[in-house]
1. Quick one: is Gly331 small (Gly, Ala, Ser), closer than 30 Å to Arg199 by Cβ and touching a Leu at 6+ places or on another chain (Cβ under 8 Å)?
2. Please go through (1) in contact (Cβ under 8 Å) with a residue 24 or more places away in the chain; (2) under 24 Å from Leu437 (Cα atoms); (3) not charged (D, E, K, R) for Ala97 and return the number of the only condition it doesn't satisfy.
3. Being more than 15 Å from Gly207 (Cα to Cα) and touching a His at 6+ places or on another chain (Cβ under 9 Å) narrows it down to one residue among Leu93, Leu125, Leu35; which is it?
4. What is the one condition in (1) of a type outside the set (A, V, I, L, M, F, W, C); (2) under 29 Å from Thr187 (Cβ atoms); (3) surrounded by fewer than 21 Cβ atoms within 10 Å (Cβ to Cβ) that His122 does not satisfy?
5. Mind checking whether some residue in segment 49-59 is within 24 Å of Tyr205 (Cα to Cα), in a loop (DSSP other than H, G, I, E, B), at pLDDT 95 or above and in the same structural domain as Leu165 (by TED's automatic domain parsing)?
6. Among the candidates Glu48, Glu56, single out the residue that is surrounded by 12 or more Cβ atoms within 10 Å (Cβ to Cβ) and of a type outside the set (Ser, Thr, Tyr).
7. Going by the structure shown, is Leu313 assigned by TED's automatic domain parsing to the domain that holds Phe448, assigned to a helix (DSSP H, G or I) and aliphatic (A, V, I, L, M)?
8. Out of contact with any helix residue (DSSP H, G or I) (no Cβ under 9 Å at 6 or more places or on another chain) and either of a type in the set (S, T, N, Q) or not assigned by TED's automatic domain parsing to the domain that holds Val94 (or both) - does that describe any residue in segment 185-193?
Amino acid sequence: MSEPDDRFRDQGGTSSSNPPAPVRWLMSKVMSRMLSRTAAEKRHDKAEKARVRAGEPHRVEYFHQVEDGYSHLAAQLLRPLVDRHGVELVCHLVTVAHDQNLPEPDLLLPLSRYDSAQVAPHYGLRFPKSAGPPDPELVKLAERILAAVDQKSFPDVAVAVGDALWGGDNGALSSLAERHGSADPATTDTKINQGTERRGKLGHYSGAMFHYGGEWYWGADRFYHLENRLIRQGAGGGGDHDPICPRPPIEAGPLKDDGSLTFELYASLRSPYTSIIFDKAVQLAKDTGVKLVVRPVLPMVMRGVPATRQKGLYIFRDTAREAAAMGLEWGRFHDPIGDPVRNGYSLYPWARECGRGTELLSSFLRAAFFDGVNTNNDRGMQTVVENAGLSWPEARAIMGNRDFEEELEANRLAMYEFGSWGVPSFRLLDADGNQVLALWGQDRLWLFAREIQRLLREA
């Protein structure tokens, strides 16, 4: 058996190594307790008691990055948030965090534009189709305008500035500068640096972020979590109204394909987000009749992408609340990083030949993220294999090979070609093999379901 290619060596960070069994067990137990619904409720209760004890209002801090498409969507939620829930809103300007939390900043901004244009109409928001990168000079002017306005004016001015910026309307921005003023460059830079430092101090790294009661909420996509929490805690007098920005449901729809459309699912065996959406993506393909192509990739930290503790903690907690919203009993976690993931992938080509490849990946994810099965030993892997309807003696004889490496690398490169670098990612191809839609995130499956129905209606 040859040594693994350097592309597949652990290179990412502390979580990318093969921890000793006792350390892996202890880390997994700590994470499982932290991810429970009870733990989340205790964190919320503790924050709320501290707020009441200090006599403070419901205070939400928002971090706005002018050239980030997601921030323009989030800005459109600021005024409804204040008006409906009576929060004290504190807005900050920020810039890109040039650290290991954002491994592909050059890809993130184009994705933010493309993605925002796709989801905006479904959220009742607006973002121009086919928006290119904004003029750097217009970005600077937009930042100077927002650096000059007070907190009360920020929600409305941020939307007007964003509309002008993404519309490439220099005249509109100039008019806004005349109406609201514009800070000098030094003052603007100071405010951006202060906002960026504040975000880092509170423990995050992205634009379009809301922070409330010790917890982070990303843009329009996590706004429903923030609003639900505010309602539970009585902000604005309760919840006798329609939600401001509800998450669209995942609905297969009435029309069924004959296999002419292709739905690609890029998945990782150590991805929390993949673990909660994998089975639903597979079921969507079955329900709609599209051809499902599963394209596994190596976990990011095992292919040289750093993973900081700060980012990892946010991802796991975010997945826990997403799972809870989906009604999933998720979070009994036993970390499969390193050899367990490789062993799982080493069995995938064989399982696929047996017609059970998708079942093997599903079984592995359920074992590691739902059932707390230790996949770092033969007993755990036997559970995975047999729950997938496969033969353990056959699996045991071939487990540990490296035959999967070229395929996983090809899948990684395919993701990068359509502007994604993480999982789960989805891509929808029409009958001619042309890309119709390609996006990253378990929170985009609903959009693919709608796009499949649109294509079938127009066929």
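1. yes
2. Condition (2) is where Ala97 drops out.
3. Working: Leu93 fails: more than 15 Å from Gly207 (Cα to Cα); Leu35 fails: touching a His at 6+ places or on another chain (Cβ under 9 Å).
Just one listed residue meets the conditions, Leu125.
4. Only one criterion in (1) of a type outside the set (A, V, I, L, M, F, W, C); (2) under 29 Å from Thr187 (Cβ atoms); (3) surrounded by fewer than 21 Cβ atoms within 10 Å (Cβ to Cβ) is unmet by His122, namely (2).
5. Yes, some residue in segment 49-59 is within 24 Å of Tyr205 (Cα to Cα), in a loop (DSSP other than H, G, I, E, B), at pLDDT 95 or above and in the same structural domain as Leu165 (by TED's automatic domain parsing).
6. Glu48
7. Judged against the criteria, Leu313 is a match.
8. Yes, there is a match, as at least one residue in segment 185-193 is out of contact with any helix residue (DSSP H, G or I) (no Cβ under 9 Å at 6 or more places or on another chain) and either of a type in the set (S, T, N, Q) or not assigned by TED's automatic domain parsing to the domain that holds Val94 (or both).
The values are calculated or read from the model by the stated rules, or taken from the named source; none is laboratory data. Owing to the predicted nature of the structure, the values given are computational and were not obtained by experimental measurement. Positions of Cβ are generated from backbone atoms using ideal geometry, with glycine treated the same way; all protein chains shown enter the neighbour counts.
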